[in-house]
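Student: Below: one structure in structure tokens.
The values are calculated or read from the model by the stated rules, or taken from the named source; none is laboratory data. Remember, predicted model here, so these are calculated numbers, not experimental data. Cβ atoms come from the backbone with ideal geometry, glycine included; neighbour counts cover every protein chain shown. These accessible areas exclude ligands, DNA and RNA; they are computed on the full protein's heavy atoms, side chains included. Shrake-Rupley method; radii C 1.70, N 1.55, O 1.52, S 1.80 Å.
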Amino acid sequence: MKTPITIAYGDGIGPEIMKATLKILEAAGAQLSYEEIEIGEKVYLQGISAGIKNEAWDSLRKTKVFLKAPITTPQGKGFKSLNVTTRKSLGLFANVRPCVSYYPYVKTKHPKMDLVIIRENEEDLYAGIEHRQTDDVYQCLKLITRPGCEKIVRYAFDYARAYGRKKVTCMSKDNIMKITDGLFHRVFDEIGKEYPEIEKEHHIIDIGSALIADTPERFDVIVTLNLYGDIISDIAAQVAGSVGLGGSANIGEHCAMFEAIHGSAPDIAGRNIANPSGILNSAIMMLVHIGQPQVAEKIQNAWLCTIEEGVHTADIYKEGISSVKVGTQEFADEVIKRLGKKPQKFAPASYASDSVKTIKIHTYERKKQKKEMIGVDVFLHWDNGTPNDLGSQLSKLNGDGLMLKMISNRGVKVWPDGLPETFCTDHWRCRFVADTINPSNPDDLSGVKPVTHQQILNLLNRVTQAGFDFVKTESLCVFDGQKAYSLGQGE
Ligand code: NAD
């Protein structure tokens, strides 16, 4: 039974490296049938801003597996990232990028590096919800969800288990973003308990990135949020010394996409000198994913033999290390010649062992909690004076169960008792809370009467009638009695 997959030859070096890869898949006995779609530059230049035609989605939704060559994104505004569109439209929540060094055959400062980055792919600042709110201030919304965190964290632990990896490291910035990154870290701690045999650790992303650059061999599997994952996966690929060799998988509940980590390399396109290893390594990940691990193992072992015997394309060719320089198609032929052989110096791949299972995507069960509003943050566009002027004008709008508690500017409390040194923009967060909160014990919410939407609408009415321009509001809620908002710095 052949597994149907969708393929795209892409742009630049895409067609050459895809052709070389398909030749190896065929020779190794991969049971695949292909549906080809057109994506990338040609499609963009036809005026389709997503870089992919509607018909192509039908094929992707049918086969559910996409082997994609790199594409060229035209310069200029108006073109949407095809990768981001594909990941989001098909729900490809997990980006899996192994970063391995192939020392001494590929130059690297980190001979023992062998880590896998599992990056959340759908959430975070990549939601693309951005607004300009005032003359000074622009905003990008960071959205982190419990289902999103649970899915990616479980995937990372299940991946570690399936591939015999020993440790999962979580990276976040929850010392600053206690609610959003805090959720990611908390979910990691909660779910980690279900995997007692796997070692767990957490690093703040800044020192975590430094450690990847310095001592990457200390890491095994790393799980992190979208933006951090984007950055550290390039750092890791670069320090492995093998940007041209790395493959990646984008995994979803229904579909999956496999591609090299490099781009379309237009500078070397059409010259038969590109290294096809990146897309070949993605295709190996694909074969494991679709349940053909024996073929994956056979190809990876032949590829490792080719690399350790010094048969190299120009990008990794080094006098004294390499034995022969080959072109793209000749490299494919050399891999084919070694099918069935095991590497002598590198550890052989062993995907076909019983321990490898398809990673199940867990379903999410929403736990409903009791939600109550106890106030509102009203954001104003205002530049008519000092924080104290604003505080005294807004305090006059207190009433109907709400009172002004605090004003902050860019998150720093400036009223009451702000510091004159704090730089202020024209964007003010004005926190009104239920006047039943005891000011001397604000954490005791036992006697607090929740605030209604109508009270907030009445407040906004008073704010507008007093001549203020509100640019947005955020409700201040408690869930099952737990405050669900951060304090202003200095509050
Ligand atoms: P690139 O990865 O295409 O090239 C960077 C350098 O690495 C170039 O010198 C190139 O010759 C070399 N290189 C890359 N792959 C190679 C290979 N397989 N063999 C030998 N050398 C290789 O990055 P770029 O130049 O920044 O981007 C070129 C185009 O690719 C841009 O249009 C960019 O938007 C696009 N891009 C696409 C993807 C994708 O489709 N997933 C990813 C990254 C960049």
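Student: Out of Gly310, Gly327, which single residue is in contact (Cβ under 8 Å) with a residue 12 or more places away in the chain, surrounded by 15 or more Cβ atoms within 10 Å (Cβ to Cβ) and within 16 Å of the ligand (Cβ to nearest atom)?
Tutor: Criteria check complete, one pass: Gly327.
Student: Let me ask something else about it. So which residues in region 177-202 are open to solvent by 20 Å² or more (accessible area, probe 1.4 Å) and closer than 18 Å to Ala160 by Cα, if there are any at all?
Tutor: Answer for region 177-202, where residues must be open to solvent by 20 Å² or more (accessible area, probe 1.4 Å) and closer than 18 Å to Ala160 by Cα: His185, Asp189, Glu190, Lys193, Glu194, Pro196, Glu197, Glu199, Lys200, Glu201, His202.
Student: Are there strands (runs of 3 or more DSSP E) fully within region 100-175 with at least 1 residues that are among the charged types (D, E, K, R) and touching a Leu at 6+ places or on another chain (Cβ under 6 Å)? List them.
Tutor: 114-120
Student: Give me a count of the residues in region 383-406 that are of a type outside the set (A, V, I, L, M, F, W, C), open to solvent by less than 60 Å² (accessible area, probe 1.4 Å) and in a loop (DSSP other than H, G, I, E, B).
Tutor: Counting residues in region 383-406 that are of a type outside the set (A, V, I, L, M, F, W, C), open to solvent by less than 60 Å² (accessible area, probe 1.4 Å) and in a loop (DSSP other than H, G, I, E, B) gives 2.
Student: Evaluate the following for Lys298: is it within 28 Å of Thr6 (Cβ to Cβ) and basic (Lys, Arg)?
Tutor: The answer is yes for Lys298.
Student: Name every residue in region 39-51 that is within 12 Å of the ligand (Cβ to nearest atom) and open to solvent by less than 40 Å² (accessible area, probe 1.4 Å), in order of residue number.
Tutor: Ile39, Gly40, Tyr44, Gly51
Student: Filter region 294-307 down to the residues that are surrounded by 20 or more Cβ atoms within 10 Å (Cβ to Cβ) and not basic (Lys, Arg) and list them by number.
Tutor: Val295, Ala296, Glu297, Ile299, Gln300, Asn301, Ala302, Trp303, Leu304, Cys305, Thr306, Ile307
Student: Could I ask something else about it? Among residues belonging to region 1-38 that are away from the ligand (no atom under 14 Å from the Cβ) and part of a helix (DSSP H, G or I), point out the one that is nearest to Met285 (Cα to Cα).
Tutor: Checking each candidate, the answer is Leu25.
Student: If you don't mind, there's one more thing I want to ask. Looking at region 471-481, which of its residues are open to solvent by 70 Å² or more (accessible area, probe 1.4 Å) and within 20 Å of Lys142 (Cβ to Cβ)?
Tutor: Hits for region 471-481 are Glu474, Phe479.
Student: I want to confirm something. Restricting to region 232-260 and keeping residues that are within 7 Å of the ligand (Cβ to nearest atom) and in contact with a Leu (Cβ under 9 Å, 6 or more places away or on another chain), which single residue is nearest to Ile13 (Cα to Cα)? Quick ask: steps written out before the conclusion?
Tutor: Of region 232-260, the ones within 7 Å of the ligand (Cβ to nearest atom) are 243-244, 259-260.
Applying the additional criterion that residues be in contact with a Leu (Cβ under 9 Å, 6 or more places away or on another chain) yields 259-260.
Details: Glu259: 13, Ala260: 12 Å.
Result: Ala260.
Student: Still on this structure, please answer the following. Yes or no: region 213-235 includes at least one residue that is under 28 Å from Asn83 (Cα atoms), in contact with a His (Cβ under 8 Å, 6 or more places away or on another chain) and open to solvent by 10 Å² or more (accessible area, probe 1.4 Å).
Tutor: Of all residues in region 213-235, those under 28 Å from Asn83 (Cα atoms) come to 213, 216, 219-235.
Subsequent filtering for residues that are in contact with a His (Cβ under 8 Å, 6 or more places away or on another chain) retains 216.
Next, only the ones that are open to solvent by 10 Å² or more (accessible area, probe 1.4 Å) stay: none.
For region 213-235, residues under 28 Å from Asn83 (Cα atoms), in contact with a His (Cβ under 8 Å, 6 or more places away or on another chain) and open to solvent by 10 Å² or more (accessible area, probe 1.4 Å): absent.
Student: Of the numbered conditions (1) open to solvent by 20 Å² or more (accessible area, probe 1.4 Å); (2) away from the ligand (no atom under 13 Å from the Cβ); (3) at pLDDT 95 or above, Ala347 fails exactly one; give the number of that condition.
Tutor: (3)
Student: I've got another one for you. Quick check, is Arg97 open to solvent by less than 60 Å² (accessible area, probe 1.4 Å), of a type in the set (D, E, K, R), within 13 Å of the ligand (Cβ to nearest atom) and part of a strand (DSSP E or B)?
Tutor: Spelling it out, Arg97 is indeed open to solvent by less than 60 Å² (accessible area, probe 1.4 Å), of a type in the set (D, E, K, R), within 13 Å of the ligand (Cβ to nearest atom) and part of a strand (DSSP E or B).
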